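What follows is a set of notes on a single structure, which appears directly below.
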Amino acid sequence: MYTSKITGLGHYVPENIVTNDDLSKLMDTNDAWIRERTGIEERRHIKKGDGNSTSVMGVKAATIALERAKLAPSDIDFIVFATLSPDMYFPGGGVQVQDMMGMGTIPALDVRNQCSGFVYAISVADQFVKTGMYKNVLVIGSENHSGGLDFTTRGRSVSVIFGDGAGAAVVSRNESGTGGILSTHLHSEGKHKDQLSLQGPSTEHWVPEIIAENPQEDIPYYPYMNGQFVFKHAIVRFSEVIKEGLAANDMGVEDIDIFIPHQANLRISQFIQKKFQLPDDKVYNNMQKYGNTTAASIPIALSEAWEKGKIKEGDLVVLAAFGSGFTWGSVMIRW
Ligand code: COA
């Protein structure tokens with residue numbers, strides 16, 4: 001049995017900055033409400049014509065991650081692509097990345113686990129590397145939320161939260177023998193599927209129905225979120241899955257060097273930080289600048305924290321996520 005290690009990180013966000021004040025020109029909202037409830041100050045949105053899409057941003061982040069891992073596209077054995085906003089309903093983003101990066105006929109798998117997508121994707125990569133089946137796996141989380149949100153007042157409780165961007169990690173066989181991915185912990189609870197969801201397009205809200213009905217007030221094509229319900233479950237599940245990861249490795253909260261939560265909402269991160277009594281320098285948040293980028297949020301934050309020198313060799317890095325499904329999970333890494 002091998003162990004796996006993250007050997008390269010990269011991220012990309014579109015240049016177009018959308019502030020809270022910009023959104024208040026489109027809908028009945030304001031900077032104070034958004035900041036107070038979520039901590040978000042601005043986010044990035046793809047601009048029509050800037051060439052970006054979910055898969056294109058994924059390629060941009062992946063190119064940086066590969067350079068940092070000192071690997072060529074031909075060294076990658078497998079792609080795991082996490083998104084809830086693929087360019088096409090099918091096929092998924094993984095095969096598009098494979099094509100754009102010229103990766104021959106290697107396999108590509110799409111992960112549909114929303115805000116927990118990157119944590120699930122890392123876990124998948126880790127298992128394939130551990131068994132020896134693959135040596136280098138490219139893991140990508142990428143989202144184009146702005147392409148599908150309701151920017152009228154009707155959609156304000158959802159649309160102010162989300163932003164676009166991509167992050168990538170190369171998960172490689174750990175040749176050094178030290179550190180690496182220690183463990184991953186995954187969960188789901190499908191009975192809450194409707195609480196944070198987008199119903200269409202789907203086989204239940206399918207093209208003939210869209211064409212036949214085209215009702216003025218038809219909303220299944222926009223995301224729905226029961227914010228307070230999600231908040232309450234998120235803080236419980238985040239806590240549980242961090243404790244589960246620590247217990248599995250015979251570690252305590254004092255062993256955490258840096259905690260990188262899914263960037264859902266600053267209030268959720270602060271709640272967890274307080275609960276675990278972690279000092280500010282042990283928690284990395286950047287949703288103030290990028291909003292919630294769902295599957296991309298952890299790899300963007302991880303890549304940015306690494307760039308800023310906040311992750312050092314030997315550090316215990318804890319990743320945790322919660323999101324639609326509900327799904328949640330954690331990853332324990334000795335850097
Ligand atoms: N701007 C201004 N007012 C808004 C608004 C916006 N963008 N969105 C909603 N409101 C209004 C509501 O209509 C409501 O008005 P009312 O009292 O007149 O009915 C009021 O603000 C309070 O709405 P509510 O939904 O109760 O607010 P909240 O305190 O629960 O905050 C969230 C809303 C979404 C910020 C909060 O519930 C949250 O962060 N939940 C977790 C979401 C999350 O993290 N999702 C991702 C999980 S991966």
Problem set entry | Under 18 Å from K60, Cα to Cα: aspartates and glutamates that are on another chain or at least 8 residues apart | E15, D50, D75, D87, D99, D110, E143, D164, E304, E307
For this session: Identify, among Y12, V139, G252, the residue whose Cα sits farthest towards the positive end of the charge dipole of the chain, taking +1 on the Cβ of Lys and Arg and -1 on the Cβ of Asp and Glu, with the dipole about the Cα centre.
Result: G252
Exercise. Relative to the Cα centre, what is the charge dipole magnitude of the chain, using +1 at the beta carbon of each Lys and Arg, -1 at the beta carbon of each Asp and Glu, and rounding to the nearest 20 debye?
Worked result: 540
Exercise. Could you give the dipole magnitude of the stretch 13-171 about its Cα centre, charging the beta-carbon of Lys and Arg +1 and that of Asp and Glu -1, in debye to the nearest 20?
Worked result: 200
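Past the 29 Å Cα-Cα mark, which pairs from K48/K274; K191/K243; K243/K310; K70/K275?
Details: K48/K274 41 Å; K191/K243 23 Å; K243/K310 23 Å; K70/K275 39 Å.
Over 29 Å apart, Cα to Cα: K48/K274; K70/K275.
Can you tell me the dipole magnitude for the stretch 112-258 around its Cα centre, using point charges on the Cβ only (Lys, Arg +1; Asp, Glu -1), in Debye to the nearest 20? Don't jump to the answer; show the numbers that get you there.
Values: 11 positive and 18 negative charges, 38 e Å.
Once rounded to the nearest 20, the dipole reads 180 debye.
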Exercise. Under the rule of -39500 (n - 2.57) per DSSP H run of 4 or more residues, summed and divided by the residues of the chain, what mean residue ellipticity at 222 nm is obtained, to the nearest 500 deg cm²/dmol?
Worked result: -9500 deg cm²/dmol
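Give the residue list of trypsin sites (Lys or Arg not before Pro) in the stretch 20-61 that are DSSP loop and have at most 15 other beta-carbon atoms within 10 angstrom.
Values: sites: K25, R35, R37, R43, R44, K47, K48, K60; in loops: K25, K47, K48.
When the trypsin sites (Lys or Arg not before Pro) of the stretch 20-61 are filtered for loop state and at most 15 Cβ neighbours within 10 Å, K25, K47, K48 remain.
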Seminar exercise, completed: Between the Cα axis of helix 227-248 and the main Cα principal axis of the chain, the angle (0 to 90°, nearest 10) is 10
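Rank the residues H45, H187 as a footprinting-exposure proxy: fewest other Cβ atoms within 10 Å of their Cβ go first.
Working: H45 27, H187 16.
The most exposed by this proxy come first: H187, H45.
Values in this text are rule-based calculations from the coordinates and carry no lab data. Since we're looking at a predicted model, the values are computed, not measured. Neighbour counts run over all protein chains shown; Cβ positions are idealised from the backbone, glycine included.
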